[in-house]
């Protein structure tokens, strides 16, 4: 009987892990469907991927670019979560609600500016070398 309960426990853990992935992907896709800013970020991701292949950036540069993609997109998801939670809690304008939303948006902005600066450091010399 103890052996069966261990197997049931392992099966529930596997199911909950699968459900965790399902919910995580559902959150990503829901955000992409409903939020304009993540679509803009994904547009830039696409352009940078194309430029990276065309300009043959190094493995190290790819690691940097991919890390920056992950950072900006993850922060955009967190920003959406913060905004949704604040909207769920209150419909009225409140200074703390504004502070939470603005801070989350500011985090995305800092990451995006940082990514753009690093992108320029990586890509501008390669583009200048073509001319």
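Among the residues of the range 121-128, is any within 20 Å of residue 42 (Cβ to Cβ), outside the structural domain of residue 29 (by TED's automatic domain parsing) and out of contact with any strand residue (DSSP E or B) (no Cβ under 7 Å at 6 or more places or on another chain)? Within the range 121-128, one or more residues are within 20 Å of residue 42 (Cβ to Cβ), outside the structural domain of residue 29 (by TED's automatic domain parsing) and out of contact with any strand residue (DSSP E or B) (no Cβ under 7 Å at 6 or more places or on another chain). Filtering 112, 129, 97, 54 for residues that are more than 20 Å from the chain's Cα centre (by Cα), over 22 Å from residue 25 (Cα atoms) and crowded, with 17+ Cβ neighbours inside 10 Å leaves a single hit, 97. Looking at 38, 32, just one residue is in contact with a helix residue (DSSP H, G or I) (Cβ under 9 Å, 6 or more places away or on another chain) and in contact (Cβ under 8 Å) with a residue 40 or more places away in the chain, and that residue is 38.
Per the conditions (1) assigned by TED's automatic domain parsing to the domain that holds residue 111; (2) in a helix (DSSP H, G or I), the sole criterion not satisfied by residue 57 is (2).
The values are calculated or read from the model by the stated rules, or taken from the named source; none is laboratory data. Every value quoted in this text rests on a predicted model; they were computed, and no experiment measured them. Ideal geometry is used to build each Cβ from the backbone, glycine not excepted, and the neighbour counts take in all protein chains shown.
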